[in-house]
Amino acid sequence: SGGADSSVLLRWLHSRLSGGKKRLVAAHVNHMIRGEESDADEAFCRRVCESLGIPLYVEKADVPARAAGSGMGLEECAREVRYAFLLNLSERLGGAVVATAHSATDNLETVIFHMTRGSGVRGAAGIAPVREIYIRPLLCCCSEEIREYAKESGIEYVTDSTNSDASYARNYIRDRKSVV
């Protein structure tokens with residue numbers, strides 16, 4: 001995404017995989033939700049990957065139109081588009097492992113979100129560190145730690161303006177989790 005979590009994960013993987021037998025590529029989905037801001041995030045990701053010599057695969061999807069046409073919520077549709085793209089890319093790359101930048105903060109928000117919707121034990125378990133082709137190396141770090149690490153390490157990132165929009169369920173939970 002170009003956000004703090006994703007930018008730190010990309011740099012961390014790059015530092016560990018450079019010159020090794022494993023090949024690192026990056027993926028970015030431009031959901032077209034925020035217009036020019038979404039395009040700027042994509043351009044940021046392109047610049048960072050080019051500067052590091054990392055191939056970047058980009059999917060541009062009009063999520064607002066897809067969501068409206070399907071009756072899905074914007075977040076749900078964006079997630080579906082993202083995971084379909086990542087699965088397809090993994091297959092095109094011969095079954096590549098996909099590292100996502102989910103953090104402990106994301107995990108807490110997910111558990112709270114699932115519990116408010118009446119999930120069972122599986123939903124209350126949160127985000128799995130490993131599931132199918134997906135690994136989540138930052139799941140043990142909270143977002144605040146990741147942003148602090150980015151600051152200390154001089155890692156630039158972009159901030160999605162919709163992260164502060166409480167009309168999205170996850171953001172509503174994020175704003176209130178300190179009260180819980």
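The values are calculated or read from the model by the stated rules, or taken from the named source; none is laboratory data. Computed from a predicted structure; not experimentally measured. Positions of Cβ are backbone-derived with ideal geometry, glycine not excepted, and every protein chain shown enters the neighbour counts. Surface accessibility is based on the protein's heavy atoms, side chains included, excluding ligands, DNA and RNA. Shrake-Rupley method; radii C 1.70, N 1.55, O 1.52, S 1.80 Å.
Answer with yes or no whether residue 137 is within 15 Å of the chain's Cα centre (by Cα) and open to solvent by 60 Å² or more (accessible area, probe 1.4 Å). Criteria not met by residue 137.
For the condition on the phi < 0 side of the Ramachandran plot, modelled with pLDDT of 95 or more, open to solvent by less than 40 Å² (accessible area, probe 1.4 Å) and not in a loop (DSSP other than H, G, I, E, B), residue 111 does not qualify. Go through 67, 84 for me and flag whichever is farther than 23 Å from residue 24 by Cβ, without any contact (Cβ under 8 Å) to a residue 12 or more places away in the chain and not in a loop (DSSP other than H, G, I, E, B). Going through 67, 84 in turn, just one is farther than 23 Å from residue 24 by Cβ, without any contact (Cβ under 8 Å) to a residue 12 or more places away in the chain and not in a loop (DSSP other than H, G, I, E, B): 67.
Kindly establish whether residue 90 is at pLDDT 95 or above, of a type in the set (S, T, N, Q), in a helix (DSSP H, G or I) and open to solvent by 60 Å² or more (accessible area, probe 1.4 Å). The answer is no for residue 90. Among residues of the range 44-75 being more than 16 Å from the chain's Cα centre (by Cα), open to solvent by 40 Å² or more (accessible area, probe 1.4 Å) and among the hydrophobic types (A, V, I, L, M, F, W, C), the one that is nearest to residue 159 (Cα to Cα) is 65. Answer yes or no as to whether residue 118 is at pLDDT below 95, in a helix (DSSP H, G or I), among the small types (Gly, Ala, Ser) and farther than 26 Å from residue 40 by Cβ. No, not satisfied.
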